[in-house]
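Asker: Here's a structure for you.
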Amino acid sequence: MIADGALAAMDGRIIFAGPTADLERTITLSTDAHVIDAHDCSILPGFVDAHTHAVFAGDRRSELRRRLAGESYASIAASGGGIVSTVAATRAASEDELVAQSRARLDAMLASGTTSCEIKSGYGLDPASELKILRAIRSLGASHAIDISATFLGAHEVPVEYRAHRDRYVSVVVEEMIPAVAAERLAEWCDVFCEDGVFPAESRAILEAGQRHGLKSRIHADELGASGGSQVAADVGARSADHLIYVERDGIAAMADRGVAATLLPAAAFYLKLGRFAPARALIDASVPVALATDVNPGGGFSPSMPFAITLACFAMEMTFEEAVTAATINAAWSLDRADEVGSLEPGKLADAVIVRGEATDLMHVRHGEPNAIAGVIKRGTIVAGEMMTA
């Protein structure tokens with residue numbers, strides 16, 4: 001923490017970050033410089049949300065009463081709810097409709113301080129629909145203030161029409177979807193849901209197919225049980241293994257040995273009422289780089305707020321405030337291969353920042369959700385959200 005600090009940017013990039021006294025000695029302001037008075041505020045790097053499913057159609061709020069009454073995620077999915085419900089709505093939506101519905105979610109994420117994020121496909125589960133989602137993600141990336149990293153997640157669930165022929169669907173993912181995604185350069189990453197009942201045995205082959213077509217690997221791992229996803233992540237050299245609620249010691253050790261990031265999603269565990277959270281303390285103690293994300297999605301990621309994820313990380317996962325902020329910024333940026341551009345306030349990086357009223361710790365721990373807690377959000381040197389936007 002730097003008391004009485006200052007930040008200066010030009011052409012969207014930081015040229016100074018440090019004590020105000022040093023700024024005044026080294027920087028000369030142009031006559032048309034935009035000066036922001038952040039007195040009694042704290043300045044943090046813009047948050048990097050490293051795992052979201054923010055592009056989809058419809059909603060699943062009807063499932064909430066069942067979940068609150070004690071029904072499990074697995075039971076709801078088995079009865080036709082869950083991912084397959086969203087798949088039906090998303091397949092029926094046009095690309096323009098997906099962009100319009102998803103833009104509102106990105107606006108909410110931006111207002112909460114997110115300046116970079118990852119978005120996955122995975123609610124189409126057929127070639128045409130998966131490509132449609134990824135094209136919508138590309139359109140949003142070109143038009144929204146948030147910088148977006150796209151992930152192909154065709155192996156999110158086995159669609160209803162292939163339930164009796166899982167191997168055929170895996171062939172469609174590997175032989176049709178991945179080559180088509182790569183040909184249009186629609187994604188940077190390939191992901192897979194490595195979980196019992198989904199793709200526990202096929203995850204390695206799917207990720208390796210993605211790698212052959214230039215898609216880097218990340219993986220949904222050990223969320224609902226010890227599926228072995230963390231070991232798969234290590235074996236294929238994935239950049240990140242995500243969720244990890246049930247990760248075991250050997251999986252943690254393998255991730256540490258191969259330099260795999262752990263992207264944790266405490267809001268998902270909270271909303272799904274799983275009764276436990278990922279073992280952040282064990283991961284950190286093993287020198288696994290820990291990132292945080294919101295998991296924005298229609299079934300278990302109802303909050304667009306990275307501050308909420310930070311709060312849960314501290315109160316539910318035994319992380320310190322400093323560890324949680326690191327996980328929400330520079331570590332999350334590294335998990336998306338963006339650490340050279342975003343995630344910290346230092347010269348040369350994009351001028352992405354969050355201005356919060358008072359001490360930063362108050363925002364996360366005491367005043368989370370207070371409407372005026374975030375005074376401004378800066379993206380590439382321009383205020384793009386918050387009260388300061390109209391000041």
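Asker: With the requirement that a residue be over 18 Å from residue 174 (Cβ atoms) and either open to solvent by 10 Å² or more (accessible area, probe 1.4 Å) or within 14 Å of the chain's Cα centre (by Cα) (or both), what does segment 109-129 give you?
Answerer: 109, 110, 111, 112, 113, 114, 115, 116, 117, 118, 119
Asker: Next question. Filter segment 38-67 for residues that are among the aliphatic types (A, V, I, L, M) and either touching a strand residue (DSSP E or B) at 6+ places or on another chain (Cβ under 9 Å) or farther than 30 Å from residue 155 by Cβ (or both); which is most open to solvent (accessible area, probe 1.4 Å)?
Answerer: 43
Asker: Restricting to segment 377-391, and then to whatever is of a type outside the set (Val, Ile, Thr) and at pLDDT 95 or above, can you tell me which residue is surrounded by the most Cβ atoms within 10 Å (Cβ to Cβ)?
Answerer: The extreme case among them is 379.
Asker: Sticking with this one: Name the single residue that is most open to solvent (accessible area, probe 1.4 Å) among those in segment 138-187 being more than 30 Å from residue 378 (Cβ to Cβ), in contact (Cβ under 8 Å) with a residue 12 or more places away in the chain and in a loop (DSSP other than H, G, I, E, B).
Answerer: Only one residue tops the list, namely 184.
Asker: Now for a different question. Those residues that are at pLDDT 80 or above and among the aliphatic types (A, V, I, L, M), I need them from segment 65-100; list them, please. Even if it seems obvious, please write down each step before you answer.
Answerer: The first filter runs over segment 65-100 and keeps only residues at pLDDT 80 or above, leaving 65-66, 68-71, 83-100.
Once the filter is applied, which keeps residues that are at pLDDT 80 or above and among the aliphatic types (A, V, I, L, M), segment 65-100 yields 68, 69, 83, 84, 87, 88, 89, 92, 93, 98, 99, 100.
Quick grid of which residues meet (1) of a type outside the set (D, E, K, R); (2) buried (at least 21 other Cβ atoms within 10 Å of the Cβ); (3) more than 21 Å from residue 246 (Cα to Cα):
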site	(1), (2), (3)
305	yes, yes, yes
313	yes, yes, no
316	yes, no, no
321	yes, no, yes
324	yes, yes, no
327	yes, yes, no
335	yes, yes, no
340	no, no, yes
344	yes, no, yes
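Asker: Exactly one condition in (1) open to solvent by 10 Å² or more (accessible area, probe 1.4 Å); (2) aromatic (Phe, Trp, Tyr); (3) more than 24 Å from residue 282 (Cβ to Cβ) is not met by residue 199; state its number.
Answerer: Checking residue 199 against (1) open to solvent by 10 Å² or more (accessible area, probe 1.4 Å); (2) aromatic (Phe, Trp, Tyr); (3) more than 24 Å from residue 282 (Cβ to Cβ), the one that fails is (1).
Asker: Among the residues of segment 1-55, which ones are assigned to a loop (DSSP other than H, G, I, E, B), among the hydrophobic types (A, V, I, L, M, F, W, C) and under 18 Å from residue 339 (Cα atoms)?
Answerer: 50
Residue-wise test of (1) touching a strand residue (DSSP E or B) at 6+ places or on another chain (Cβ under 6 Å); (2) surrounded by 21 or more Cβ atoms within 10 Å (Cβ to Cβ).
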position: 251; (1), (2): no, yes
position: 260; (1), (2): yes, yes
position: 281; (1), (2): no, no
position: 284; (1), (2): yes, no
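The values are calculated or read from the model by the stated rules, or taken from the named source; none is laboratory data. Because the structure is a prediction, the values reported are computed rather than measured. Every residue, glycine among them, receives a Cβ derived from its backbone with ideal geometry; neighbour counts consider all protein chains shown. Quick note on the areas: whole protein, heavy atoms, side chains included, nothing else; ligands and nucleic acids left out. Shrake-Rupley method; radii C 1.70, N 1.55, O 1.52, S 1.80 Å.
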